[in-house]
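I have placed the structure first, in the form of C-alpha coordinates, so that the comments after it can refer back to it.
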Amino acid sequence: MEDPHAHPVRETGGALPAWRARLDRVCRAVALLGGAALCATMGVTLASVVGAQFGHPILGDTEIVDQLTGVLVFCCLPWCHLHGGNVMVDFFTRPLPRRVNRLLDAAANLAFAVVAGVLAWRLMAGGLAAHARDQRSMFLSLPDWPVYALGSATAVLWIVVILFVAWESAVDSGRPSSGQEPAAHQFG
(Lines give C-alpha, C1' and ligand atoms only; values in the text may rest on other atoms or scores of the structure.)
Protein backbone atom coordinates (compact mmCIF):
# COMPACT_ATOMS: atom_id res chain seq x y z
CA MET A 1 0.00 0.00 0.00
CA GLU A 2 1.25 3.46 -0.86
CA ASP A 3 2.00 5.91 1.94
CA PRO A 4 0.08 9.12 1.11
CA HIS A 5 2.85 11.17 2.71
CA ALA A 6 5.75 9.53 0.86
CA HIS A 7 7.64 11.71 -1.59
CA PRO A 8 8.18 9.67 -4.77
CA VAL A 9 9.45 12.82 -6.45
CA ARG A 10 12.67 12.38 -4.48
CA GLU A 11 13.47 9.14 -6.25
CA THR A 12 12.83 10.36 -9.77
CA GLY A 13 15.27 12.16 -12.01
CA GLY A 14 15.15 15.83 -12.83
CA ALA A 15 15.59 19.17 -11.10
CA LEU A 16 13.83 18.42 -7.82
CA PRO A 17 16.24 15.74 -6.57
CA ALA A 18 19.23 17.87 -7.61
CA TRP A 19 17.88 20.88 -5.68
CA ARG A 20 17.03 18.63 -2.73
CA ALA A 21 20.61 17.33 -2.68
CA ARG A 22 22.00 20.88 -2.74
CA LEU A 23 19.68 22.03 0.02
CA ASP A 24 20.49 18.91 2.02
CA ARG A 25 24.23 19.67 1.90
CA VAL A 26 23.72 23.25 3.05
CA CYS A 27 21.18 22.30 5.73
CA ARG A 28 23.40 19.48 6.98
CA ALA A 29 26.37 21.86 7.40
CA VAL A 30 24.20 24.40 9.25
CA ALA A 31 22.73 21.63 11.44
CA LEU A 32 26.25 20.47 12.31
CA LEU A 33 26.95 24.00 13.51
CA GLY A 34 23.81 23.67 15.63
CA GLY A 35 25.09 20.34 16.94
CA ALA A 36 28.39 21.98 17.88
CA ALA A 37 26.42 24.67 19.74
CA LEU A 38 24.50 21.91 21.56
CA CYS A 39 27.77 20.22 22.59
CA ALA A 40 29.14 23.58 23.77
CA THR A 41 25.93 24.18 25.75
CA MET A 42 26.31 20.82 27.46
CA GLY A 43 29.99 21.52 28.16
CA VAL A 44 29.31 24.93 29.71
CA THR A 45 26.49 23.51 31.82
CA LEU A 46 28.59 20.57 33.00
CA ALA A 47 31.59 22.79 33.79
CA SER A 48 29.42 25.24 35.70
CA VAL A 49 27.68 22.55 37.75
CA VAL A 50 30.94 20.77 38.57
CA GLY A 51 32.66 24.10 39.24
CA ALA A 52 29.86 25.13 41.59
CA GLN A 53 30.46 21.99 43.66
CA PHE A 54 34.01 23.25 44.25
CA GLY A 55 32.98 26.87 44.82
CA HIS A 56 33.90 28.08 41.31
CA PRO A 57 30.84 28.23 39.06
CA ILE A 58 31.17 29.84 35.64
CA LEU A 59 30.13 33.46 35.83
CA GLY A 60 27.51 34.20 33.19
CA ASP A 61 26.94 30.55 32.32
CA THR A 62 23.25 31.21 31.69
CA GLU A 63 24.14 33.97 29.22
CA ILE A 64 26.36 31.60 27.27
CA VAL A 65 23.73 28.85 27.36
CA ASP A 66 20.99 31.29 26.26
CA GLN A 67 22.95 32.46 23.25
CA LEU A 68 24.09 28.97 22.26
CA THR A 69 20.53 27.66 22.57
CA GLY A 70 19.29 30.33 20.17
CA VAL A 71 22.00 29.31 17.72
CA LEU A 72 21.34 25.59 17.95
CA VAL A 73 17.57 25.82 17.54
CA PHE A 74 17.63 27.97 14.43
CA CYS A 75 20.51 26.00 12.90
CA CYS A 76 18.53 22.76 13.09
CA LEU A 77 15.16 24.01 11.76
CA PRO A 78 16.02 23.90 8.02
CA TRP A 79 17.41 20.35 8.12
CA CYS A 80 14.49 19.15 10.26
CA HIS A 81 11.94 20.58 7.84
CA LEU A 82 13.70 19.26 4.74
CA HIS A 83 13.64 15.74 6.18
CA GLY A 84 10.04 15.88 7.40
CA GLY A 85 10.98 16.00 11.08
CA ASN A 86 8.13 18.30 12.07
CA VAL A 87 5.14 16.97 13.93
CA MET A 88 2.32 16.23 11.51
CA VAL A 89 -1.24 15.57 12.56
CA ASP A 90 -2.77 13.64 9.69
CA PHE A 91 -5.59 11.83 11.43
CA PHE A 92 -8.23 13.39 9.19
CA THR A 93 -6.22 13.72 5.98
CA ARG A 94 -4.56 10.30 5.88
CA PRO A 95 -7.54 8.56 4.26
CA LEU A 96 -7.68 11.18 1.49
CA PRO A 97 -6.10 10.45 -1.89
CA ARG A 98 -2.37 11.07 -2.23
CA ARG A 99 -2.95 13.95 -4.66
CA VAL A 100 -5.14 15.77 -2.13
CA ASN A 101 -2.62 15.16 0.66
CA ARG A 102 0.19 16.55 -1.49
CA LEU A 103 -1.87 19.66 -2.30
CA LEU A 104 -2.72 20.11 1.39
CA ASP A 105 0.98 19.71 2.24
CA ALA A 106 1.88 22.37 -0.32
CA ALA A 107 -0.76 24.77 1.06
CA ALA A 108 0.33 24.14 4.65
CA ASN A 109 3.95 24.74 3.72
CA LEU A 110 3.04 28.03 2.05
CA ALA A 111 1.22 29.13 5.21
CA PHE A 112 4.18 27.96 7.27
CA ALA A 113 6.53 30.00 5.05
CA VAL A 114 4.54 33.11 5.96
CA VAL A 115 4.94 32.34 9.67
CA ALA A 116 8.67 31.70 9.23
CA GLY A 117 8.89 34.94 7.25
CA VAL A 118 7.43 36.87 10.17
CA LEU A 119 9.92 35.20 12.52
CA ALA A 120 12.81 36.08 10.19
CA TRP A 121 11.60 39.66 9.89
CA ARG A 122 11.38 40.08 13.65
CA LEU A 123 14.80 38.46 14.15
CA MET A 124 16.30 40.88 11.65
CA ALA A 125 14.57 43.87 13.27
CA GLY A 126 15.69 42.71 16.72
CA GLY A 127 19.24 42.16 15.56
CA LEU A 128 19.47 45.59 13.96
CA ALA A 129 18.06 47.19 17.12
CA ALA A 130 20.47 45.21 19.33
CA HIS A 131 23.39 46.30 17.14
CA ALA A 132 22.29 49.96 17.08
CA ARG A 133 21.91 50.05 20.88
CA ASP A 134 25.01 47.90 21.44
CA GLN A 135 22.85 45.54 23.52
CA ARG A 136 24.99 43.14 25.56
CA SER A 137 24.59 40.43 28.17
CA MET A 138 24.74 41.51 31.81
CA PHE A 139 27.74 39.68 33.26
CA LEU A 140 29.97 38.83 30.31
CA SER A 141 29.01 41.78 28.13
CA LEU A 142 28.56 39.48 25.11
CA PRO A 143 26.95 41.31 22.18
CA ASP A 144 23.46 40.05 21.36
CA TRP A 145 23.39 40.97 17.67
CA PRO A 146 25.54 38.06 16.36
CA VAL A 147 22.97 35.57 17.64
CA TYR A 148 20.22 37.55 15.93
CA ALA A 149 22.25 37.70 12.72
CA LEU A 150 22.86 33.94 12.68
CA GLY A 151 19.22 33.30 13.56
CA SER A 152 18.11 35.60 10.73
CA ALA A 153 20.35 33.88 8.18
CA THR A 154 19.20 30.41 9.19
CA ALA A 155 15.56 31.59 9.22
CA VAL A 156 15.98 32.70 5.60
CA LEU A 157 17.42 29.27 4.76
CA TRP A 158 14.45 27.72 6.59
CA ILE A 159 12.05 29.74 4.42
CA VAL A 160 13.85 28.56 1.27
CA VAL A 161 13.50 24.96 2.48
CA ILE A 162 9.81 25.41 3.32
CA LEU A 163 9.11 26.87 -0.12
CA PHE A 164 11.08 24.04 -1.77
CA VAL A 165 9.08 21.41 0.13
CA ALA A 166 5.86 23.18 -0.90
CA TRP A 167 7.02 23.16 -4.54
CA GLU A 168 7.99 19.50 -4.25
CA SER A 169 4.57 18.61 -2.82
CA ALA A 170 2.76 20.59 -5.52
CA VAL A 171 4.74 18.88 -8.29
CA ASP A 172 4.16 15.49 -6.68
CA SER A 173 0.41 16.12 -6.50
CA GLY A 174 0.26 16.21 -10.29
CA ARG A 175 1.98 12.87 -10.73
CA PRO A 176 -0.13 9.77 -11.24
CA SER A 177 -0.32 7.45 -8.27
CA SER A 178 1.99 4.46 -8.51
CA GLY A 179 -0.14 2.27 -6.31
CA GLN A 180 -3.41 1.78 -4.59
CA GLU A 181 -4.91 4.67 -2.63
CA PRO A 182 -5.18 3.94 1.11
CA ALA A 183 -8.55 2.79 2.39
CA ALA A 184 -10.38 5.11 4.76
CA HIS A 185 -10.04 2.72 7.70
CA GLN A 186 -6.25 2.27 7.50
CA PHE A 187 -4.43 4.73 9.74
CA GLY A 188 -0.78 3.85 9.77
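The values are calculated or read from the model by the stated rules, or taken from the named source; none is laboratory data. Since the model is a prediction, treat every value here as computed from it, not as a measurement. When we count neighbours, we look across all protein chains shown, and the Cβ atoms used for this are built from the backbone with ideal geometry, even at glycine. Ligands, DNA and RNA are excluded from the accessible area calculation, which covers all protein heavy atoms including side chains. Shrake-Rupley method; radii C 1.70, N 1.55, O 1.52, S 1.80 Å.
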With all protein chains in place and a 1.4 Å probe, Arg98 shows an accessible area in Å² (nearest 10) of 10 Å²
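Only helical DSSP H runs with n ≥ 4 go in: add -39500 (n - 2.57) per run for the chain, normalise by residue count and round the 222 nm mean residue ellipticity to 500 deg cm²/dmol. Present the calculation step by step, with values, prior to reporting the outcome.
Numbers: 4 runs with 125 residues, N = 188.
Helices in the chain give a 222 nm mean residue ellipticity of -24000 deg cm²/dmol.
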If I model a spin label as a point 7 Å beyond the Cα along the Cα-Cβ vector, how far apart are those points for Val73 and Arg175 in nm?
3.5 nm
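Which loop-located chymotrypsin sites (Phe, Trp or Tyr not before Pro) does the range 43-84 contain, where loop means any DSSP state but H, G, I, E or B and the Cβ has at most 10 other Cβ atoms within 10 Å? Display every interim value, and only then the final one.
On the way: sites: Phe54, Phe74, Trp79; in loops: Phe54.
When the chymotrypsin sites (Phe, Trp or Tyr not before Pro) of the range 43-84 are filtered for loop state and at most 10 Cβ neighbours within 10 Å, Phe54 remain.
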Acute angle (nearest 10 degrees) that the helix 98-132 long axis makes with the longest principal axis of the chain, alpha-carbon atoms:
20 degrees
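Carbon and sulfur atoms: what percent of the 1.4 Å accessible area of the chain do they account for?
71 percent
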Using a probe radius of 1.4 Å on heavy atoms only, what accessible surface per residue do you get for the chain? Whole Å² is fine.
58 Å²
Stretched fully, the stretch from Val100 through His83 gains (0.36 nm per residue minus C-alpha distance, one decimal, in nm) 4.1 nm
Rounded tilt (10° steps) of 145-173 against the dominant C-alpha axis of the chain
10 degrees
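So if R0 is 25 Å, what FRET efficiency would Cys39 and Phe139 give, r being the distance between their Cβ atoms, rounded to the nearest 0.05? Please report the intermediate quantities before stating the final value.
Numbers: r = 22 Å, r/R0 = 0.90.
Efficiency, rounded to the nearest 0.05: 0.65.
Taking a ≥ b ≥ c as the square roots of the eigenvalues of the Cα gyration tensor of the range 43-170, is the shape rounded (a/c under 1.5), prolate (a/b larger than b/c) or oblate? Before the final figure, lay out each step's value.
On the way: a/c = 4.21, a/b = 1.96, b/c = 2.15.
Oblate is the answer for the range 43-170, as a/c is 1.5 or above yet b/c matches or exceeds a/b.
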For the chain, what does the relative contact order come out to in percent, with C-alpha contacts under 8 Å and a separation of six or more?
32 percent
Hey, what angle do you get for helix 15-53 against the long axis of the chain, alpha-carbon based, 0 to 90 degrees rounded to 10?
30 degrees
